[in-house]
Amino acid sequence: MRTAIVASILLLAVIASAVAVVWTHHARRSLFAELDEIDARRDQLHVERGKLQIEQSTWTATDRIERVAAEKLNLHLSRAGATVLVTAEWGD
C-alpha cells in the first residue's frame with residue numbers, strides 16, 4: 001500500500017515535470033519568434049533611417065537652398081561690400 005502511494009506521487013511528479021518542460025519549450029519558441037519579428041522591424045527601421053538621412057541632406061544642401069531662394073523668392077547673394085551692418089541702441 002505504501003509503495004503504491006509513493007509510486008503514485010512519483011508518477012504525478014514525472015507528469016508535472018513533463019508538462020512543465022513542454023510549456024517552457026513552447027514559451028521559448030514563442031519568445032524566439034517574437035524576438036525574430038522585433039529584429040526584422042529594427043532592421044527595417046535602420047534602413048528607413050538611412051534613407052531619411054539621405055533625403056534630409058538633399059533638402060538641406062546649400063546649393064539647393066540658394067537655387068530655390070533665387071528661383072522662387074527672387075533672392076540673390078549680395079556682392080562683397082554691399083552689406084551694411086545696422087545696429088540699434090536700446091535706451092533705458
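Within the range 57-92, being aliphatic (A, V, I, L, M), more than 34 Å from the chain's Cα centre (by Cα), outside any helix (DSSP H, G or I) and at pLDDT 85 or above holds for Leu75, Val86, Ala88. Considering (1) loosely packed, with under 10 Cβ neighbours inside 10 Å; (2) part of a helix (DSSP H, G or I), the lone condition that Ala27 does not fulfil carries the number (1).
The values are calculated or read from the model by the stated rules, or taken from the named source; none is laboratory data. Bear in mind the structure is a predicted one, so any value in this text is a computation, not a measurement. Cβ: placed from backbone, ideal geometry, glycine included. Neighbour counts: every protein chain shown.
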